[in-house]
C-alpha cells in the first residue's frame, strides 16, 4: 500500500476516534445511555470506524516494500 495512503488512513482514523470520544461525552449520548444503557450509534460507529482505519493505516505503514 502507498505510504501516503497509509498515513491518510491513520490520520483519518485518529480524527474519527477523537470525534467518537467527544460524541460519547455529549448530552445526547448521556440521555441515550440513561434510557437504553448504550451510547448513541453515531458515537459507536465513529469509534469502530476510527479504530479500523487506524489499524489499516498502521499495517500499511509497517509493511515494508515487497520484492517479487
Computed over the chain: longest principal axis from alpha-carbon atoms vs helix 3-24 long axis, angle to nearest 10 degrees, is 10 degrees
Expected sort for 36, 42 with the fewest Cβ neighbours (10 Å cutoff) up front is 36, 42
Here the convex hull volume per residue of the chain, taken over Cα atoms and given in Å³, is 69 Å³
Rounded to the nearest 10 degrees, the helix 41-62 long axis (Cα) sits at an angle to the longest Cα principal axis of the chain of 20 degrees
Computed over the chain: longest principal axis from alpha-carbon atoms vs helix 27-36 long axis, angle to nearest 10 degrees, is 70 degrees
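Just so you know, all these numbers are worked out from the coordinates, no wet-lab data involved. Source: prediction; values computed, not measured. When we count neighbours, we look across all protein chains shown, and the Cβ atoms used for this are built from the backbone with ideal geometry, even at glycine.
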